[in-house]
Amino acid sequence: MATTGIGSIQPVTEARAPETLDNAGFTASLELYISDIIGAITILAVLFFIVYSFLAAYEWVTAGSDSGKVEKAKNRFIWGTLGLILIVAAYAIIGLIGSLIGIPILNPGELFQNIIPGGGATVTPTIPSTGTPFL
């Protein structure tokens with residue numbers, strides 16, 4: 001019997017496990033983890049919407065002529081749909097707020113580079129009234 005080697009499976013990128021934990025590797029890795037968490041929350045929200053919608057549909061079908069149950073099922077559909085719209089629109093809302101206040105909220109790597117000592121550009125503190133260096 002002949003065997004055929006299929007090789008080893010290698011990751012496409014080493015971004016989640018950088019070779020060095022310098023500032024760039026650390027922030028890229030952290031940015032990926034934050035992105036993964038946001039993606040997982042969005043997927044859970046969509047799954048919740050699907051289950052909530054099926055429950056509302058079941059209530060509506062089994063309500064018969066009871067107007068109170070039909071109204072309750074309609075409200076479930078409305079609130080479930082509004083929740084899904086809010087979850088999907090949250091990304092755009094956060095981006096808009098970040099651009100209005102001048103902070104790149106949707107680009108946490110840039111934020112971390114500026115927070116970590118030695119990670120961002122060197123900034124010399126100045127006295128606001130004169131503009132002369134503080135140190």
Quick one: in segment 78-110, of everything that is small (Gly, Ala, Ser) and surrounded by 14 or more Cβ atoms within 10 Å (Cβ to Cβ), which residue is farthest from the chain's Cα centre (by Cα)? 80
Please enumerate the residues belonging to segment 44-77 that are exposed (fewer than 15 other Cβ atoms within 10 Å of the Cβ) and among the small types (Gly, Ala, Ser). 57, 64, 65, 67, 68
Consider only pairs whose beta carbons are under 8 Å apart and that are at least six residues apart or on different chains; among these, list those whose first residue lies in segment 30-49 and is within 14 Å of residue 80 (Cα to Cα) and whose second residue is not in a helix (DSSP H, G or I). none
When you check residue 48 against the structure, is it modelled with pLDDT under 90 and part of a helix (DSSP H, G or I), yes or no? no
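The values are calculated or read from the model by the stated rules, or taken from the named source; none is laboratory data. Model, not experiment: these values are computed from the prediction. Heads up, the Cβs are rebuilt from the backbone with ideal geometry, glycines too, and the neighbour counts pull from every protein chain shown.
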